[in-house]
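The values are calculated or read from the model by the stated rules, or taken from the named source; none is laboratory data. All values derive from a computational prediction rather than experimental measurement. In this analysis, Cβ positions are derived from the backbone assuming ideal geometry, glycine residues included, and neighbour counts consider all displayed protein chains.
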Number of protein chains: 4
Amino acid sequence: MTRIRLGMVGGGNDAFIGAVHRIAARIDDRYELVAGALSSTPEKSAASAEALGIARSYGSFEDMAAAEAAREDGIEAVAIVTPNHVHCAASAAFLKHGIHVICDKPLTSTMEDAHALVAAAEASSAKFILTHNYTGYPLIRQARQMVADGTLGKIRVVQAKYAQDWLTQPLEGEGVKQAEWRTDPARSGAGGCVGDIGTHAFNLAGFVTGLTLDSLAADLDSFVEGRRLDDNVHVLLRYAGGAKGMLWSSQVAPGNENRLTLRVYGEKGGIEWGQENPNVLHYTPYGEPTRILTRGGSGALPANLDATRIPPGHPEGYLEGFANIYNEAADVILADREDKIVAHVLPSVQDGLQGMKFIDACVRSSASDAAWVKV
Amino acid sequence: MTRIRLGMVGGGNDAFIGAVHRIAARIDDRYELVAGALSSTPEKSAASAEALGIARSYGSFEDMAAAEAAREDGIEAVAIVTPNHVHCAASAAFLKHGIHVICDKPLTSTMEDAHALVAAAEASSAKFILTHNYTGYPLIRQARQMVADGTLGKIRVVQAKYAQDWLTQPLEGEGVKQAEWRTDPARSGAGGCVGDIGTHAFNLAGFVTGLTLDSLAADLDSFVEGRRLDDNVHVLLRYAGGAKGMLWSSQVAPGNENRLTLRVYGEKGGIEWGQENPNVLHYTPYGEPTRILTRGGSGALPANLDATRIPPGHPEGYLEGFANIYNEAADVILADREDKIVAHVLPSVQDGLQGMKFIDACVRSSASDAAWVKV
Amino acid sequence: MTRIRLGMVGGGNDAFIGAVHRIAARIDDRYELVAGALSSTPEKSAASAEALGIARSYGSFEDMAAAEAAREDGIEAVAIVTPNHVHCAASAAFLKHGIHVICDKPLTSTMEDAHALVAAAEASSAKFILTHNYTGYPLIRQARQMVADGTLGKIRVVQAKYAQDWLTQPLEGEGVKQAEWRTDPARSGAGGCVGDIGTHAFNLAGFVTGLTLDSLAADLDSFVEGRRLDDNVHVLLRYAGGAKGMLWSSQVAPGNENRLTLRVYGEKGGIEWGQENPNVLHYTPYGEPTRILTRGGSGALPANLDATRIPPGHPEGYLEGFANIYNEAADVILADREDKIVAHVLPSVQDGLQGMKFIDACVRSSASDAAWVKV
Amino acid sequence: MTRIRLGMVGGGNDAFIGAVHRIAARIDDRYELVAGALSSTPEKSAASAEALGIARSYGSFEDMAAAEAAREDGIEAVAIVTPNHVHCAASAAFLKHGIHVICDKPLTSTMEDAHALVAAAEASSAKFILTHNYTGYPLIRQARQMVADGTLGKIRVVQAKYAQDWLTQPLEGEGVKQAEWRTDPARSGAGGCVGDIGTHAFNLAGFVTGLTLDSLAADLDSFVEGRRLDDNVHVLLRYAGGAKGMLWSSQVAPGNENRLTLRVYGEKGGIEWGQENPNVLHYTPYGEPTRILTRGGSGALPANLDATRIPPGHPEGYLEGFANIYNEAADVILADREDKIVAHVLPSVQDGLQGMKFIDACVRSSASDAAWVKV
């Protein structure tokens, strides 16, 4: 077994998502984290690297990309876990050198950057993988396969929701860093809640149903006084082919920690899933009793079983779902070593672009009094 | 104890809602059903009345109103449980004679009728009560009181949903009577799903929050081929004062029997409730653990306790909630006997008018490509 | 339609269970409550009867039985809703006159009385029906039918539970009447919690599985200082034929209102049900996904549908389940009017005797350091 | 950061638990797996080691213990993940050399071995840690702290359950390895289900409540024909100090995947938890509404927060709970490097001995017709 040599940009200090990526990369033991540009200054980066046991530390992602590309034993892939506005430049720096990129979502902070990154990804021989991590849950994989197999019939209705409550009060004015950058247009882009979590719900709906969004009408609000970006998002969706949807995303809904749920209804059946207890999927064939499908349990399809490590009834969670992205990325990267291609369902740069278009359309619609806009 | 003498219009054959009204009227033993115009012909009416043990049967509601008003021991109140298009004329016939009316929802089948019925109710000395029965659930009463008490702070977000699955296939073409009249514009009015169950969700949201709807954008669909009225409804809501909402109503969502749910979020807390298990209400004060409030259990407010018959943990259901409407109506009617007035929270003719305006606005908006319309 | 003329013994003052019986008898409109000996004195009885609109009031059940038997239009059936120690004498008084008895559980307060009542019931031409009301829930009926149909295969394991929390503190010393008589051996018999609610769990397990208890070992405790009867009960069960069971019953378990649950596992499948949300039954055929069966929903068997009034998804509760006992009793009584017999699943005097033997065996076992005893 | 050098005995082939230990050791990146005696033959061991990227492979645990103890850079700790009957000898081999042992449960397969291993552990300068992994769940840590803080008052009742369904049919005769050794007395010891999963429930109850078991009565069954060890276990528990309990463990209960649940009731409150959705804990202070406590959410105690990696609402599962054992073990081992001692709540060899006594007492009791026996 030869592990994939991995680098990381961002994730140096007490950043939440950097630690998540590192755990996700470790769980299945297919990566070795050997290089990093973890923080904004060389000193901080070096300190973080040492604390984490990472061999090579760089002062900037540009230096890192150049130096690693020049090494015989340089990194093969890099995880980009910075705030959104850095995604484009950092990703492009590595793609240019043929180093695979595993980048956090949303793709970028502006549409301009999004298109630039798409161009960079398409120009590169390296892979670009976006960590829309919720697509890694085994029962989401099962749901996607069920829809693709026609088990639900033609899809009619999609209900997607992602609700939190942690921004119910103006934490950004109280020194909470996670709140600060997420409510700052300069670092997050034009979308607040819609970009931070609404995109996850949108992406998940698309991943499971395979539907393409045609147009939307969005009503964005900033309920907390003085907040510069939206903290509550109501969207009506019209998919190509006639399916309709609703999407609610909020960070001001007390009682919701990370309530991401998806309901999909077709001519022949319906499914319901929620990430707070991701190990069950309710499936109702029309006219029959609802089935409780479980991760790896009776009735599990290959797409479910392949994303499962331990027996049903032993819960797997967020980190395991995230690790499924890293694990499948490892398949892709190892195949690429040998110039092979493997089938996969990983979110791509195009999925990232769709997410950016969704954010952009929501912001445009809301600015036009929630009129319908094409995506 | 003197029971209130009650009559009934409609509900003669195997009508679902007529039987429900009769049980609801019986549960607390405050009514005596003594007269009826139960069916469309005198013969059918008489047969139904005899089967039900109702003393006096009439061939039409007009005859019944006149005859009962003339009797010393005539009915004091009448339940109107016909299809929607009969509500207006039947109600008006009794209101004219000073007989209280307990009428099923929606108020009428047309806006014109709605305004006529409002006028009739306002011109009458008798009471008009609309059976938006879900307002009778004890925990809905508790939720309303909590909002009124300011427990949730200023309301920001309302999420209302009423999903069914029984019209997933074209039952109206297969001889199912309940499906036939509900999908027939002549009998149901301009709204299908939106009028049948969407109004319940809309009414419930208003009952609990006390908010007034300002405008909406609605996307109505008829997913089943050939269906003449909507079977799936997506609505964005804007309330006076700045609160926002979403409402989803569907009769084509497999896995949903009668999934009516309400979520309300304010500056200080949030609540969640669903009618399929109506004996619990989740309440989260911001920054504290979620509480599970129960019907009549610890933390129950008077509004909850007053609507409760049996100890907590013993479930009360749909019929008991419906009976709470009849029970409170009895308070109002008995007080009226003595020219007194009692405080109550019963849905009124104005609430019915609001419901009709909601349906009308949804239909208008959807016809204008889901543009925003004032209610 | 001719309603059955019904009398009631007990239930006069603020007694919980008397009001429940009256509602249960009213829901389906097949009874007319016309006579009562509702309280311990003629004056109180008369006052209660008047308040309830009951035509004939008696000072004692003996007087009532004699007088009603002598009337042409005397009662055909009587509901006995007194404390346990009165059940035997009151029931016998009516059975002697050929008046059907609908009696609350447990059967009596002593084994001696239990045998006497069995003799009285067997000697009478009238029917004796015990209101083990939980057997009236539609999904319990479905579960019973599934077991009888062999759907679960041979039964191996039974887990029954009935937990409450209201006696966590010594309410009997604080003037709470419901607590006083339930903890008083003179009025409740030798069993406290085991008689009050443990018998319900035991009866339910037997009703669903059809199994006969062979022996048990019981560990009874009175956790509240000074309490004279048990408030927590642990029982191991051995059924004839080899099935094993556990039964837990408690009135000192904070967080449990009326948590009655039943789990049954056989060679081919398992089921789980809880009365706090009685409208669902989980059923797992071995090796397949769990099904959520609902009251009246997809997959409902006749036994379920026959006990259902309203569409699935609209919850029916405790009162409706109780009313199912009264409704089926009406079938039996009306058939008896014409000397006919109808099949039914109503709890009988023999079921009551089994319950008394269960209580007796639990008390005996616990007194012998929880040794195994034959039932 | 210097990682702890770790070895592993067992876990070579497709063993479930070996892979779990490896992931658990990796999640927080505090161990480096450098040596192994992974299988029963040197060839198989070497193949497994190579596949897993483990540097040093040995043909037996004896060789490994001797060789690693002799190296400057030898392992500091070893994970023992063999079938039960090997635990004692393997653990002792490393303890003798001062190498810390992290051993899977149950402690051993016989009481004789259990006492021998206790002696070995007590004679060694090295630590012995038993992976009763369910004690690692954050909300179990919270529950333990709540009991210790007196939040529930004096404990009265404990209800513990661990139910599975995978052995409902005789898989051991169908070539399923996991079923074969678990039903083989030579490899599992005298307890089947009781040893495999009953001990987990017993251990968890003791971990949370701090209670010591005094005596028990157990009814063990082998429902599947020909099975040599129990597959269903019913136990009554009496704790020192007067608390009572029940424990049910089954591997023949269709519909249960890994349903481990714990309910604890005291004079002042009650708690309920289940591992299939381990991120919530229901807590009811007597007389108040039930609270839903979450992993890391509002109301989380330090014991909960310290065992948490990601924000509330993002589920952590079985592997993370297991990793908490490894993480805390790392604290203990690193402190030991510097001859320091840190407070911890890790299951010890004495806890393992208690588990063995529990199994032994269950088997003895059941052999005596489920008589009460001292533990």
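Listed values, structure above:
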item: Residue ID - nearest to B:ALA90 (Cα to Cα), chosen from residues in region B:1-37 that are free of Cβ contacts under 8 Å to residues at least 40 places away in the same chain and more than 14 Å from every other protein chain (Cβ to nearest Cβ); result: B:ALA37
item: Given (1) away from chain A (no Cβ under 14 Å); (2) out of contact with any strand residue (DSSP E or B) (no Cβ under 8 Å at 6 or more places or on another chain), index of the condition D:VAL194 fails; result: (2)
item: Exclusive hit being among the aliphatic types (A, V, I, L, M), closer than 26 Å to A:MET8 by Cα and touching a Gly at 6+ places or on another chain (Cβ under 6 Å), set A:LEU152, A:LEU117, A:LEU130, A:LEU204; result: A:LEU130
item: Test: residue in region B:340-353 that is within 14 Å of another protein chain (Cβ to nearest Cβ) and either acidic (Asp, Glu) or within 23 Å of the chain's Cα centre (by Cα) (or both); result: no
item: Residue in region B:255-277 that is charged (D, E, K, R), assigned to a strand (DSSP E or B) and touching a residue at least 60 places away in the same chain (Cβ under 8 Å) present; result: yes
item: Matching residues, region D:292-308, being touching a residue at least 60 places away in the same chain (Cβ under 8 Å), out of contact with any Gly (no Cβ under 7 Å at 6 or more places or on another chain) and assigned to a loop (DSSP other than H, G, I, E, B); result: D:ARG295, D:GLY296, D:ALA300, D:LEU301, D:ASP306
item: Residue check for D:ALA323: outside any helix (DSSP H, G or I), touching a residue at least 12 places away in the same chain (Cβ under 8 Å) and closer than 27 Å to A:ALA15 by Cβ; result: no
item: Tabulated pairs, region C:70-82, first among the acidic types (Asp, Glu), second not in a loop (DSSP other than H, G, I, E, B), C-beta under 6 angstrom, 6+ apart or interchain; result: C:GLU76/C:ILE4; C:GLU76/C:ARG5
item: Selection within region B:272-284 - of a type outside the set (D, E, K, R) and more than 9 Å from chain C (Cβ to nearest Cβ); result: B:TRP273, B:GLY274, B:LEU281, B:HIS282, B:TYR283, B:THR284
item: Members of region A:297-320 found to be of a type outside the set (Ser, Thr, Tyr) and more than 9 Å from chain D (Cβ to nearest Cβ), listed by number; result: A:GLY299, A:ALA300, A:LEU301, A:PRO302, A:ALA303, A:ASN304, A:LEU305, A:ASP306, A:ALA307
item: Answer residue from region C:231-242, given it is part of a strand (DSSP E or B) and in contact with a Gly (Cβ under 7 Å, 6 or more places away or on another chain) and is farthest from the other protein chains (Cβ to nearest Cβ) among those; result: C:TYR239
item: Some residue of region D:162-185 being buried (at least 20 other Cβ atoms within 10 Å of the Cβ), more than 13 Å from chain C (Cβ to nearest Cβ), part of a loop (DSSP other than H, G, I, E, B) and β-branched (Val, Ile, Thr); result: yes
item: Every residue from region D:334-361 that is in contact with a Phe, Trp or Tyr (Cβ under 9 Å, 6 or more places away or on another chain) and not acidic (Asp, Glu); result: D:VAL345, D:PRO347, D:SER348, D:VAL349, D:GLY352, D:GLN354, D:GLY355, D:PHE358, D:ILE359
item: The listed residue being closer than 30 Å to A:ALA65 by Cα, assigned to a loop (DSSP other than H, G, I, E, B), of a type in the set (S, T, N, Q) and touching a Pro at 6+ places or on another chain (Cβ under 9 Å), out of A:SER109, A:SER125; result: A:SER109
item: Lone unmet requirement of (1) within 13 Å of chain D (Cβ to nearest Cβ); (2) more than 30 Å from A:LEU353 (Cβ to Cβ) for A:GLY287; result: (1)
item: Residue pairs meeting the criteria (Cβ under 6 Å; at least 6 apart or on separate chains; first closer than 15 Å to C:PRO106 by Cα, in region C:359-375; second among the hydroxyl-bearing types (Ser, Thr, Tyr)); result: none
item: Single unsatisfied condition, A:ALA120 versus (1) within 29 Å of A:ALA37 (Cα to Cα); (2) touching a strand residue (DSSP E or B) at 6+ places or on another chain (Cβ under 9 Å); (3) touching a residue at least 60 places away in the same chain (Cβ under 8 Å); result: (3)
item: Residue satisfying all of: in region B:43-62; more than 14 Å from every other protein chain (Cβ to nearest Cβ) and touching a helix residue (DSSP H, G or I) at 6+ places or on another chain (Cβ under 9 Å); surrounded by the fewest Cβ atoms within 10 Å (Cβ to Cβ) among these; result: B:GLU62
item: Residue satisfying all of: in region D:354-374; within 14 Å of another protein chain (Cβ to nearest Cβ) and among the polar types (S, T, N, Q); farthest from D:ALA114 (Cα to Cα) among these; result: D:SER368
item: When residues of region C:243-271 are limited to those that are under 25 Å from D:LEU293 (Cα atoms) and at the interface with another protein chain (Cβ under 7 Å from one of its Cβ atoms), the one surrounded by the fewest Cβ atoms within 10 Å (Cβ to Cβ); result: C:ARG259
item: Condition met for D:GLY226 (in contact with a helix residue (DSSP H, G or I) (Cβ under 8 Å, 6 or more places away or on another chain), on the phi > 0 side of the Ramachandran plot, outside any strand (DSSP E or B) and surrounded by fewer than 22 Cβ atoms within 10 Å (Cβ to Cβ)); result: yes
item: Selected residue [modelled with pLDDT under 95, in contact with a Ser or Thr (Cβ under 8 Å, 6 or more places away or on another chain) and either surrounded by fewer than 24 Cβ atoms within 10 Å (Cβ to Cβ) or charged (D, E, K, R) (or both)] from D:PRO106, D:PRO83; result: D:PRO83
item: Unique match (being of a type outside the set (Val, Ile, Thr) and either under 21 Å from C:LYS127 (Cβ atoms) or assigned to a strand (DSSP E or B) (or both)) among C:GLY12, C:GLY7; result: C:GLY7
item: Residue match in region B:326-343 (condition: touching a Lys or Arg at 6+ places or on another chain (Cβ under 8 Å) and under 27 Å from D:PRO289 (Cβ atoms)); result: yes
item: Answer from A:LEU211, A:LEU152 - the residue that is in a loop (DSSP other than H, G, I, E, B), away from chain B (no Cβ under 14 Å) and more than 21 Å from B:LYS244 (Cα to Cα); result: A:LEU211
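Residue-by-condition table, conditions (1) surrounded by fewer than 17 Cβ atoms within 10 Å (Cβ to Cβ); (2) modelled with pLDDT of 95 or more; (3) assigned to a loop (DSSP other than H, G, I, E, B); (4) touching a Pro at 6+ places or on another chain (Cβ under 9 Å):
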| position | (1), (2), (3), (4) |
| --- | --- |
| A:LEU33 | no, yes, no, no |
| A:SER39 | no, no, yes, no |
| A:VAL78 | no, yes, no, no |
| A:HIS87 | no, yes, no, yes |
| A:PHE94 | no, yes, no, no |
